[in-house]
Amino acid sequence: MLGACRGLDPTIFYPDRDDDADVAKQVCAECSVQQTCLDYALAQREKAGVWGGATERDRRRILRQRRRSA
Ligand code: SF4
């Protein structure tokens, strides 16, 4: 998978607080594999980091919404 994050400092994608995830989210917004990346993280229940433009908190919210509409 050739993500836009390739070669960047990985610490950007593991911010201490969700509120500090803006830089990572901007990179993901330009990424050609954003949806694939997010789907992977959701399927794997990834606990840490920004994946597909979503923080762990964002992913929990997405999973909650999916459960509700299922
Ligand atoms: S969407 Fe995934 S692959 Fe793309 S920049 Fe973000 S973390 Fe990297």
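Restricting attention to the range 42-52, the residues that are more than 8 Å from the ligand (Cβ to nearest atom) and under 18 Å from Ala4 (Cα atoms) add up to 0.
In the condition set (1) farther than 18 Å from Arg57 by Cβ; (2) more than 8 Å from the ligand (Cβ to nearest atom), Cys31 is compliant with all but (2).
Whenever a residue of the range 42-70 is of a type in the set (Ser, Thr, Tyr), its partners that are away from the ligand (no atom under 12 Å from the Cβ), lying with C-beta atoms within less than 6 angstrom and at least six residues away or across chains, give the pairs Thr55/Asp18.
Rule-based calculations on the coordinates, nothing more; no lab input. Computed from a predicted model, the values in this text were never measured in an experiment. Don't worry about glycine lacking a Cβ; one is built from the backbone with ideal geometry, like all the others, and counts go over all protein chains shown.
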